[in-house]
Each structure stands twice: as structure tokens, then as C-alpha cells.
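Report on the following structure.
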Amino acid sequence: MLDRRLHLHLVTWLGQWPAGPGLHVVGSRRRARPAWDGRLRPAVAVAAPGAAVLSVPPERVAAVRALAAEGPTGRLWSALPGAVGHPGLPLREGVFRWCTAPRALPDAGEWTEPADPGFPAWLHLFDREVLVARDADGRYLAGVGVKRHDRYGRELAVGTVPAARGRGLARRLVAQAARRVLDEGAVPTYLHDPGNTASARVAEAAGFADRGWRSHIVHPD
């Protein structure tokens, strides 16, 4: 049975779930509003084994449904940015994971404001606390930012400086952040490129199993 928090997240984020068999193109006003970082995501798809929901702006539904009816989904994904009015934006495929029971790994960081100049630029995109691990001298080693997509779903993003990799910091931070998200009543999700084996290992070690779900998102670099 699908976790209630995940169900509510998908309904809110996409506009519909469950989908039933096959691909369902639905309209959502969220696709025309800035996302967590202030930038648009004009198309968001989540696919479970045997079913998928593709969320686009309401005025683009007819065009995207017609495109989907033309044949193989490979054609749909390659043409999707143009079909939603943003031909210059890339389409990113991801492995879509979620977790309701993070691994019992020891905490590795502290929650702090993201504006510290010693943090990498990607953490500065977040407007709320980020989870950071530092060395004995206070230098940044690794961190997790929380993408608050909606009330029910929080996507975790993690990064580690090259010199600190291989110590298990990323998996401990992800598990720590996931526990906080769950305590707040939401579900933690984790998306990564299918070819990113290092990120996949972190996710698995933190308790985010690969259930065969995938995402396709049109968004800026």
C-alpha cells in the first residue's frame, strides 16, 4: 500500500494520483508557478511500474496528449520541452525514491542557515535551514538541502567535497535529514540521474530503495 504522505505529495505536486495503468497527462497550475528555488518546472512526470502521471500547464494538456498518442514515449520525452512552451530547457530523467524508515545511522551534521560564505553555491539556493557536516576547524565537508515541493513532500539533495568522500558522511546526512522530514509529517524523496552510481549508493545506504520508479522533469540547469 502506498504511504499516505507520498500519495498526498504526488496528488499535490502533480495534480493526480493514482494514475491507473498507462500514461496520464494532467493539468496543474503549479507548472506555471515558481518552484522551491524560484524557477519554473513546466513539466513534471513520475512513473511507477505500469503507470505514470505527466503534469503540465492546463493550457498545454491537449497538445501534450496529442504528442503522447503519436507513439513511443521516447518521442514524447524528446519533444516535451517544446510542447510545454520551453524548447530551450532540458529534460532530466531521474530515479525517483522515497523512504519511510531511514537507516539507523548516526547523525553527522547540524542544521544551520544556508548563507554561510564557506558553503558551496548550491546550498545558497535554499531559503531555510540546511544540514551540514564540518571538520574540526569548522570547514564545510558535506551538506543536505531540503526542496520543499509542497506540504507533504520534501526532496533531499546532498553534496560532499572531494576530500571528504568515502567516509559515509552523505548517507548519514541523508538519513538524518529524512528523520527530520518524517518527524514534520512529510515524506522524504530522493531523485538522482540513473547513471550516477555514487548517488545511488548513498540513497540505498540511507534507506531509499529503488522501487523501479522514475521521474522526468523539464527544468533549468
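The values are calculated or read from the model by the stated rules, or taken from the named source; none is laboratory data. Source: prediction; values computed, not measured. Please note: Cβ atoms are built from the backbone with ideal geometry, for glycine as well, and neighbour counts cover all protein chains shown. Ligands, DNA and RNA are stripped out before the accessible areas are found, and what is left, the full protein with its side chains, is counted by its heavy atoms. Shrake-Rupley method; radii C 1.70, N 1.55, O 1.52, S 1.80 Å.
Some points to look at:
- Spacing of the two label points (7 Å from each Cα toward its C-beta) at N196 and K147, in nm: 0.9
- Interchain or long-range residues, amide H under 5 Å from V25's placed H: L54
- With protein chains left intact and a 1.4 Å probe, residues in segment 70-161 average 50 Å² of accessible area per residue.
- Relative intensity of the chain on a log10 scale, I(q)/I(0) at q = 0.12, 0.14, 0.16, 0.18 Å⁻¹, equals -0.65, -0.87, -1.10, -1.32, per a Debye sum over C-alpha point scatterers of equal strength in the absence of solvent.
- FRET efficiency for A205 and R4, using Cβ-Cβ distance with R0 set to 25 Å, rounded to 0.05: 0.45
- Taking amide hydrogens as placed 1.01 Å from N in the peptide plane, the amide H of F96 sits under 5 Å from those of W213, R214, S215, each at least 5 positions away in sequence or on another chain.
- Summing +1 for each Lys or Arg and -1 for each Asp or Glu among the other residues whose beta-carbon sits under 10 angstrom from that of A178 gives +3.
- Charge tally in the Cβ shell below 15 Å around D221, where Lys, Arg are +1 and Asp, Glu are -1, D221 excluded: 0
- Segment 1-124: equivalent-ellipsoid semi-axes (sqrt of 5 x gyration tensor eigenvalues, Cα, Å): 30, 21, 13
- Distance in nm between pseudo-label sites at R75 and W122 (7 Å out along the Cβ direction from Cα): 3.5
- Share of carbon and sulfur in the accessible area of segment 62-104 stands at 54%, probe radius 1.4 Å.
- Separation in nanometres of the label points that stand 7 Å from Cα toward Cβ, at D37 and A101: 3.3
- Residue range of the chain that is longest and free of trypsin sites (Lys or Arg not before Pro) which are both DSSP loop and sparsely packed (at most 16 other C-beta within 10 Å): 40-102
- Apportionment of accessible area to carbon and sulfur, segment 134-202, percent (1.4 Å): 45
- Between D221 and A164, residue separation times 0.36 nm minus the direct Cα-Cα distance comes to 18.0 nm.
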